[in-house]
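Remarks on the structure that follows.
Derivation of every value follows stated rules applied to the coordinates shown; laboratory data play no part. Keep in mind that this is a model prediction, so the values were computed, not measured. For neighbour counting, all protein chains shown are included, and Cβ atoms are generated from backbone atoms with ideal geometry for every residue, glycine included.
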Amino acid sequence: MRLLLDEMFSPALRDALTDKGITAVHVRDIGLAGAPDAEVFRAAQEARYALLTENLVDFLRIAADYAIRGDHHHGLVISLSTRFARRAAGVPALVRAIAAIGGDDMTDQIRYLQRIPGETPHRL
């Protein structure tokens, strides 16, 4: 799996994912911190990355726009802030949830990260 991490995530998550063998790039790594959502999504598609975000509303709309035009995207992974903390204590749970998705081909998929059963949620 190849992931582009949206700006709400720490680069520490990128590092932890990389340590687990998951290719991950942060928007800051490619000069897109603060960029409009459509630009971030487009960059993910051009580089063949699925996008990891908490921004459910905007990116679902953008992914729908792609589908309406008949275009394909390389995947959208949604991490709801009510399930995962962004701070350091939440990184291991995020990594486990991302690893549980498995597979390399996320074409046109929208996946919501799920907590691994038995884990205690962390507060923001």
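Listing for the model above:
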{"read-out": "Size-normalised alpha-carbon gyration radius of the chain, reference 2.2 N^0.38 Å", "value": "0.99"}
{"read-out": "The chain - mean residue ellipticity at 222 nm from DSSP helices (-39,500 (n - 2.57) per run, n ≥ 4, rounded to 500)", "value": "-10500 deg cm²/dmol"}
{"read-out": "Projected label distance in nm at residue 100 and residue 42, using a 7 Å step from Cα toward the beta-carbon", "value": "3.6"}
{"read-out": "For segment 2-112, size of Cβ-based charge dipole, Lys and Arg +1, Asp and Glu -1, in debye", "value": "360"}
{"read-out": "Equivalent ellipsoid semi-axes, segment 59-105, via Cα gyration tensor eigenvalues times 5, rooted, Å", "value": "27, 14, 6"}
{"read-out": "By average C-beta atoms within 10 angstrom, highest first, the peptides 75-81, 85-91, 32-38, 8-14", "value": "75-81, 8-14, 85-91, 32-38"}
{"read-out": "Segment 1-78 versus segment 97-119: alpha-carbon centroid distance in Å", "value": "14"}
{"read-out": "Taking the chain and dividing mean pair separation by its residue count, relative contact order in percent (alpha carbons under 8 Å, at least six apart)", "value": "27"}
{"read-out": "Label-point separation, residue 19 to residue 109 (7 Å along Cα→Cβ), nm", "value": "2.5"}
{"read-out": "Positive-end extreme of charge dipole, the chain - chosen from 97, 31, 49 (charges on Cβ)", "value": "97"}
